[in-house]
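Written out below as structure tokens is the structure these notes cover.
The values are calculated or read from the model by the stated rules, or taken from the named source; none is laboratory data. It should be emphasised that the depicted structure is a prediction, and the values quoted were computed from it without experimental measurement. FYI the Cβ positions are ideal-geometry reconstructions off the backbone, even for glycines, and counts take in every protein chain you see.
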Amino acid sequence: MTGPLESALAELLERFHDGQPVALGRAISLVENERPGFQDFLHEVLRVGPRAARIGFTGPPGAGKSSLLSMVATNCRTQDEQLGVVAVDPTSSYSGGALLGDRIRMSDLATDPGIFIRSMATRGSLGGLATTTKEVLDLMDAFGFDRVLIETVGVGQTELEITAAADTVIVVLVPESGDAIQTMKAGLMEIADIFVVNKADRPGADRLVKDLRQGLHLRAATAIESAPAHHGLDLARIMRKESCEEPRGPGWSPPVLSTVAQSGEGVEDLMDTIKAHRFWLEESGELEERRRGRRKVRIQDVVDRELRRTAWRSDTVLAELDQGLERIQKRKDTPYSVAWDILDRLLR
């Protein structure tokens with residue numbers, strides 16, 4: 001249960017609301033390390049609703065996500081937008097450390113006072129994001145940035161947490177990604193609002209763009225005709241535009257764009273598409289639906305986390321666990337029955 005902030009956190013909150021970047025950095029560290037009082041601090045911060053446009057960049061390793069994000073950020077800065085950037089890097093399973101290479105690749109942005117970059121290690125979290133990435137995004141949003149850009153760690157087929165963090169999801173691929181029709185089976189291909197084939201100056205890029213579009217049409221006409229996908233969208237409906245059929249009612253047809261991030265080729269088209277998608281989100285009411293979905297996931301995450309903490313810090317529950325282990329050894333119980341006994345005691 002939340003309570004009043006202690007004096008040090010109250011002072012930090014005041015400096016946070018004053019727009020001091022150092023205060024934002026310390027607030028992120030507070031939340032990232034789950035220090036005492038971090039939930040009370042978030043409670044105060046989240047009294048202000050979301051305002052920033054959140055754009056997520058995801059895709060396989062080596063797709064050029066950092067380079068593309070940098071070009072988008074540079075373009076946004078020409079419009080005098082204030083930006084927050086969260087870059088997630090994998091944690092070593094041996095040392096527990098992280099190179100934070102995204103921060104190195106974005107070094108050109110680090111000297112811009114209008115951009116705040118935070119690198120985060122996954123710390124063993126799956127899904128492409130770090131454990132507290134969504135909370136950090138909330139902090140950046142509340143700090144007053146116009147736009148928050150998120151780059152996931154290089155992801156595979158099932159690491160799709162970006163859908164619960166961003167308003168617009170950009171899936172970045174390269175010609176070396178392999179057969180597009182085969183990869184359409186991957187969950188990664190179902191979450192995109194915008195597809196980008198980066199490094200489009202390489203052989204095979206045009207073929208990949210063509211295959212992606214054909215694959216999208218194929219999916220729209222077959223297996224997922226009536227199934228909701230990313231954020232509850234009906235992909236069969238929103239993909240009809242690219243198949244030259246007029247959509248029945250308002251919808252969004254995920255485009256497939258080509259870019260060469262290193263040279264900036266195609267970035268203007270990408271910016272126009274991001275703007276168009278934002279307009280559609282706001283006009284269709286989908287933006288509020290996605291935000292509502294994020295709130296639901298956040299509540300569930302907090303409940304799960306606090307239930308675990310409550311359970312394994314309870315002497316009564318720990319005693320029940322020890323007794324249950326004895327009963328299992330004597331073949332009088334199983335892990336399932338012991339777990340139910342613990343849940344029953346905890347919920348009572």
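For region 291-313, check the following and say yes or no: at least one residue is assigned to a loop (DSSP other than H, G, I, E, B) and surrounded by 13 or more Cβ atoms within 10 Å (Cβ to Cβ). No, the conditions are met nowhere in region 291-313. Residues satisfying the criterion are absent from region 288-306 (criterion: over 30 Å from Ser66 (Cα atoms), modelled with pLDDT under 90 and assigned by TED's automatic domain parsing to the domain that holds Val197). Note on region 76-102: residues that are in a loop (DSSP other than H, G, I, E, B) and either at pLDDT 90 or above or not polar (S, T, N, Q) (or both) amount to 12. Quick check on region 263-273. Is at least one of its residues surrounded by 14 or more Cβ atoms within 10 Å (Cβ to Cβ) and not assigned by TED's automatic domain parsing to the domain that holds Gly64? No, that holds for no residue. Of the residues making up region 68-83, those that are more than 15 Å from Ile194 (Cβ to Cβ) and either within 14 Å of the chain's Cα centre (by Cα) or of a type in the set (A, V, I, L, M, F, W, C) (or both) are Ala73, Cys76, Leu83.
Among the criteria (1) modelled with pLDDT of 90 or more; (2) hydrophobic (A, V, I, L, M, F, W, C); (3) surrounded by 13 or more Cβ atoms within 10 Å (Cβ to Cβ), the one Ile224 does not fulfil is (1).
Residues are listed down the side, and each one gets a yes or a no for (1) surrounded by fewer than 23 Cβ atoms within 10 Å (Cβ to Cβ); (2) more than 19 Å from the chain's Cα centre (by Cα); (3) under 27 Å from Val169 (Cβ atoms):
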| position | (1), (2), (3) |
| --- | --- |
| Ile28 | yes, no, yes |
| Val45 | yes, yes, yes |
| Gly59 | no, no, yes |
| Ser66 | yes, no, yes |
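Among the conditions (1) under 21 Å from Thr163 (Cβ atoms); (2) in contact with a Gly (Cβ under 7 Å, 6 or more places away or on another chain); (3) at pLDDT 90 or above, Ser258 misses just one, which is (1).
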